[in-house]
Amino acid sequence: MAVNGSDTPQHSGGHGAHAGSPRRGGLAAIVIVVVVMALLACVAVISVRRHNAVTNASSASSSVASSSKSSAASAGATKKAVPTVDPGEAAKRSKQNQLDSLNTKLTSQIAGYPGTWSVYVEDLKTGASTSIDNHVQPSASVIKLYVMLAVYTRIDEGRMQEDMATNDLLTQMITVSSNQATNTLVNLLGNGDTNAGLDVVNQVAKANGFNETRMKDLLYDSGTHDSSLKQTSVSDSGKFMAKVYRGQLVSKQTSEKMLNLLLQQQRRAKIPAGLPQGTKVANKTGEIIGTENDSAIVYGTADDHSGDYVLTVMTQNVENGTAQTQIAAISTTVWDTLH
């Protein structure tokens, strides 16, 4: 019994020792799994963070690049939006300011003169211009400019011959203001019909933009003394001279012919008289009792022709000698202001 009694505890103790070993092994395995999973989780977190960092950096770089491009585009747009200054327009504005100042001077000057005064000035370099009291009025012999234009137009069209006789008549009409030569040319324009010739003068004038000019009668040698039948304006006559200067009437070659005739003008007591001696001038005068007119191309001293201009002055109800002196004074004012 004692043996059996001792055998039982020994059996029980041996069985307990073998039973505890599997529990410890299972616990270790669980710990290992947990550690491995924790490590894998850490690796995953680190990987995600790195990916996010790279993505954010790339996004930031793209944003900066996009911002730079946007700024550059904006700067480019701003740069393009800045208007460029046309040197020609800037020069014209500057000259126009000068002519506006001249207009004020001339208005004050002629306010002290008797009668009615009209003035037109155009800078031939820029085309800037100014005028005082432009209106239709008696042209006197300034109308001969438009007869000359009509004759050269018909010659260009092949409807008149540019022979020695015609050239001689043109020279007399312009350089010494011959009324007889003028009337002969008008009749030639109409093939012997005076009214038809006058119509040609008016049609050609209108076709060239001179809408304030009309000739309804011959000059005094053959026509009447009614000054209302031959009219123009300072604007028409001034623009006529500007177009001659620029070679814009009929053709460049024909404009040069007209200019050469005007440069030979013998009547120089008005606009040319107020200029420095030796100044180059191409002009056409006109005068009847109480009226003195003159239209001129005045050449400056600059090699680039920046000082060239047109001046036209027309008067009414002024004693002729007084008007001539005052036109010369106006000419001096214009020259001094523009030079």
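Values for this structure:
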| read-out | value |
| --- | --- |
| Which listed pairs, of K216/K270; K239/K270; K105/K252; K216/K243, have C-alpha distances above 31 Å, in listed order | K105/K252 |
| Overall Cα dimensions of region 87-338 - principal axes, largest extent first, Å | 49, 41, 31 |
| Cα gyration tensor shape for region 166-212, rounded if a/c is under 1.5, else prolate or oblate | oblate |
| Charge dipole magnitude, Cβ of K and R +1, D and E -1 - region 120-268, Cα centre, debye nearest 20 | 340 |
| Per-selection Rg to Rh, region 158-248 - Cα, Kirkwood hydrodynamic radius | 0.95 |
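No lab work stands behind these numbers, since they all come straight from the coordinates. Everything quoted here is computed from the prediction, not taken from an experiment. Positions of Cβ are generated from backbone atoms using ideal geometry, with glycine treated the same way; all protein chains shown enter the neighbour counts.
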